[in-house]
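Below: one structure, written as structure tokens.
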Amino acid sequence: MTSPTAPPPGRRRFKTFRAVSALTLREMESTYGQSPGGYLWTILEPAAGIALLSIVFSLVLRSPALGTNFAYFFATGILPFMLYTGVSAKMAQSIQFSRPLLAYPALTFTDALLARFLLNSVTQLLVMLLVIVGIILFYNLRPIIDWPSLFLGLAMLLALTASVGVMNCYLTSRFPIWGQIWAVLNRPMFILSGILFIPENVPARFRDWFMLNPVAHITSQIRKGFFVTYDAVYVQPVYVFVISCVLGIFGMLFLLKNYQFILQR
């Protein structure tokens, strides 16, 4: 009878899980554990923005583009947009943030990307849940939620966020000035993503150009989930998923090809 053989030295089970878990804990400590309030500020920031927009628009308009509650309408647009911008920005800095650790063979850039994506996406989704539920309870709303439409919108949101984060991780690591260029390009996105209005209210001659922005499709699809009477006829989920696949695949290919060069810079 032969005795069981030990695994080869240096090989560990669940290598990726261990690496991602360690990087996630490090991210939690550095991002949310260094300042008073930590996670509390993550909730208060969007809540304050939603409250301000609600007050301003309620003074000049009788009702929002959908429904009757300004806070609920703006929350369904601002919170997904904050997830997109916040998580993709975190992913763009993955290699710079974890550069000292990536010198170890046990860690790769995919571990760093995955850790940042998972932690910050889950955090923002929880913030979205808490803020929207808080608005519903505070205003005693009775929304009818279309769950399949909502889940489709969230899938579109996470796919685009991950792909933009991967591509920007390569561009930022390879060309440091790209971070500044992207920040300038991204400034009009708050207006162009359909947060303050819906595509149906955009003049027909501009609507086709407006819907070239994949984030506008995501905002409308998520609102279709929160407002059951909203049809969102201009949303094309396939368009968003195709863009996400193209950006994600090319971003990963560029990183794989240039990873060693980036680390040695």
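The values are calculated or read from the model by the stated rules, or taken from the named source; none is laboratory data. What you see is a predicted model, and the numbers here were worked out from it, not measured in a lab. Every residue, glycine as well, gets a Cβ built from its backbone with ideal geometry; the counts of neighbours run over all protein chains shown.
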**Item:** Test: residue 233 is within 22 Å of residue 143 (Cβ to Cβ), more than 17 Å from the chain's Cα centre (by Cα), exposed (fewer than 11 other Cβ atoms within 10 Å of the Cβ) and of a type in the set (A, V, I, L, M)
**Value:** yes
**Within the range 158-182, considering residues that are over 21 Å from residue 214 (Cα atoms) and assigned to a helix (DSSP H, G or I), the one modelled with the highest pLDDT** = 172
**Request:** Name the one entry in 181, 191 that is surrounded by fewer than 17 Cβ atoms within 10 Å (Cβ to Cβ), closer than 17 Å to residue 92 by Cβ and free of Cβ contacts under 8 Å to residues at least 24 places away in the same chain.
**Result:** 181
**Request:** Kindly establish whether residue 155 is crowded, with 17+ Cβ neighbours inside 10 Å and in a helix (DSSP H, G or I).
**Result:** no
**Prompt:** Counting only residues that are closer than 19 Å to residue 42 by Cα and small (Gly, Ala, Ser), which one in the range 104-139 is surrounded by the most Cβ atoms within 10 Å (Cβ to Cβ)?
**Reply:** 115
**Message:** Taking the criterion of being at pLDDT 85 or above and assigned to a helix (DSSP H, G or I), would at least one residue in the range 20-30 satisfy it?
**Reply:** no
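Looking only at the range 220-239, filter to residues that are assigned to a loop (DSSP other than H, G, I, E, B) and aliphatic (A, V, I, L, M); which one of those is modelled with the highest pLDDT?
235
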**Prompt:** Does any residue of the range 237-252 turn out to be in contact with a Phe, Trp or Tyr (Cβ under 9 Å, 6 or more places away or on another chain), surrounded by 12 or more Cβ atoms within 10 Å (Cβ to Cβ) and under 23 Å from residue 68 (Cβ atoms)?
**Reply:** no
**Item:** Residue tally, condition touching a residue at least 24 places away in the same chain (Cβ under 8 Å) and in a helix (DSSP H, G or I), over the range 194-205
**Value:** 3
**Prompt:** Of the residues that make up the range 206-214, is at least one among the acidic types (Asp, Glu) and in contact (Cβ under 8 Å) with a residue 24 or more places away in the chain?
**Reply:** no
**Request:** May I ask you to say which residue of 263, 255 is crowded, with 18+ Cβ neighbours inside 10 Å and part of a helix (DSSP H, G or I)?
**Result:** 255
**Message:** Against the condition modelled with pLDDT of 95 or more, surrounded by 13 or more Cβ atoms within 10 Å (Cβ to Cβ) and under 22 Å from residue 221 (Cβ atoms), how does residue 196 come out, does it pass?
**Reply:** no
**Request:** Quick one: which helices (runs of 4 or more DSSP H) lie wholly within the range 47-151 and hold at least 3 residues that are at pLDDT below 95, on the phi < 0 side of the Ramachandran plot and touching an Asp or Glu at 6+ places or on another chain (Cβ under 7 Å)?
**Result:** 109-138
